[in-house]
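Comments concern the structure below.
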Amino acid sequence: MQINVAQLLKEPVGTKRVYKIDETTDNDDENRVIGEVTLTRTNLGILLTGEISANVKGTCTRCLGEACVKVTFNMEDEYFPIVDINTGAHLHPDLDEFTIDDSHILDLEEAIRQYIIMATPTKILCRQDCPGICPVCGHEFAKGNCQHKNRPYDRRWERLLQLEKESKV
């Protein structure tokens, strides 16, 4: 996800370019990054804004199976060149900033990776109604109930279980 911005760096402040993004990550067609970004020339560098969608693979927190979730996020970052486009002099941007390399290439990969991490939910589910697994034997409840006769339970819930039985009577 690299964009050559040499020509844009020569343009006056406020000049914009729009780029479509449709890339795969990890050599996998399911992990697609799709969106549109606008690059705007600023007095110090290039401001990147846009909306990106990506598919994130992970492990379902209920059944421990494979899960894939789509995340969408808005990006807004400024990239600073490390080489002046007109003079060729080396500039010294902060190490914490996104930079445009000495070949005037703006690389979106690290920024997109960080935004994906922030947008990914903490608990990924394979589907919204995933029933999970049995905590004792690991049987997937999606395939039916397991055959435990004496299911262990936490004694701290005993009073609630009694209330449940009393309310059904």
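The values are calculated or read from the model by the stated rules, or taken from the named source; none is laboratory data. The model shown is predicted, which means the values in this text are computed figures rather than measured ones. Quick reminder, even Gly has a Cβ in these numbers, built from the backbone with ideal geometry, and neighbours come from all protein chains shown.
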- Candidate set from the stretch 50-80 (those that are among the hydroxyl-bearing types (S, T, Y) and under 16 Å from the mean Cα position of the chain (by Cα)); member that is surrounded by the most Cβ atoms within 10 Å (Cβ to Cβ): S53
- Pairing a residue in the stretch 10-28 that is more than 12 Å from L39 (Cα to Cα) with any residue that is assigned to a loop (DSSP other than H, G, I, E, B) and modelled with pLDDT under 90, where Cβ atoms lie under 7 Å and the two sit 6 or more apart in sequence or on different chains, gives K10/I85; I21/M1; E23/M1
- Looking at this structure, is Y79 outside any strand (DSSP E or B), farther than 28 Å from D154 by Cα and modelled with pLDDT of 90 or more? no
- Task: Considering every residue within the stretch 90-107, establish whether at least one is in the same structural domain as I46 (by TED's automatic domain parsing), in a helix (DSSP H, G or I) and crowded, with 17+ Cβ neighbours inside 10 Å.
- Result: no
